[in-house]
Amino acid sequence: MDRTEVVTSVAGDLHSTELAIDAAITRATTLVQSFIGARAALSLSPVSGTMSQAKAMETIAALSAAREAIVACHAELQKDHRRLGYGTYAAGPIAKPDDWLDPQSALTPTHLHRVA
């Protein structure tokens, strides 16, 4: 493998990991919604399923921490990439805010559109 293939492989794995964490967060939040909907559909007390719902919410918090960690990993890999002088490679979405370099850039989404 040449340098480009190695860097592209790592970038692809990183992007896949980021997507997997986002998908897990989405599924876990859907699970919590399901708990609430099921409780309402079955006319159960709000006390019912409190512990299981709390555990699902703990899972969401853990996934959120994992997401922060993988974003930090992404930032560190970008720094390493530049330090090693490997030039520019892109995998995944091309327009990515450098929010680890400029926190304000994360506050200006460029990919979201208003829905009526």
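Scanning the stretch 33-49 for residues that are of a type in the set (S, T, N, Q) and under 15 Å from residue 59 (Cβ atoms) yields a total of 2.
Could you please let me know if residue 76 is open to solvent by 70 Å² or more (accessible area, probe 1.4 Å), in a helix (DSSP H, G or I), of a type in the set (D, E, K, R) and at pLDDT 95 or above? Give the derivation first.
Details: open to solvent by 70 Å² or more (accessible area, probe 1.4 Å): yes; in a helix (DSSP H, G or I): yes; of a type in the set (D, E, K, R): yes; at pLDDT 95 or above: no.
When the stated conditions are applied, residue 76 does not pass them.
Contact annotation: residue pairs with Cβ atoms under 6 Å, 6 or more positions apart or on different chains, pairing a residue in the stretch 64-82 that is free of Cβ contacts under 8 Å to residues at least 40 places away in the same chain with a partner that is open to solvent by 50 Å² or more (accessible area, probe 1.4 Å) and of a type outside the set (Gly, Ala, Ser), are 75/100.
Those residues that are surrounded by 13 or more Cβ atoms within 10 Å (Cβ to Cβ) and among the polar types (S, T, N, Q), I need them from the stretch 49-60; list them, please.
Step one: of the stretch 49-60, the residues surrounded by 13 or more Cβ atoms within 10 Å (Cβ to Cβ) are 49, 53, 56-57, 59-60.
Those that are surrounded by 13 or more Cβ atoms within 10 Å (Cβ to Cβ) and among the polar types (S, T, N, Q): 53, 59.
A single member of 97, 109, 93, 46 is loosely packed, with under 11 Cβ neighbours inside 10 Å and either in contact with a helix residue (DSSP H, G or I) (Cβ under 8 Å, 6 or more places away or on another chain) or modelled with pLDDT of 90 or more (or both), and it is 46.
The set of residues from the stretch 1-43 being under 20 Å from the mean Cα position of the chain (by Cα), of a type in the set (Gly, Ala, Ser) and either exposed (fewer than 11 other Cβ atoms within 10 Å of the Cβ) or under 30 Å from residue 79 (Cβ atoms) (or both) comprises 9, 11, 12, 16, 20, 23, 24.
The values are calculated or read from the model by the stated rules, or taken from the named source; none is laboratory data. The shown structure was predicted, so the numbers you read here are calculated from the model rather than taken from an experiment. Neighbour counts are summed over all protein chains in view; Cβ atoms, including those assigned to glycine, are modelled from backbone coordinates with ideal geometry. Side chains included, ligands, DNA and RNA excluded: accessible areas come from the protein's heavy atoms. Shrake-Rupley method; radii C 1.70, N 1.55, O 1.52, S 1.80 Å.
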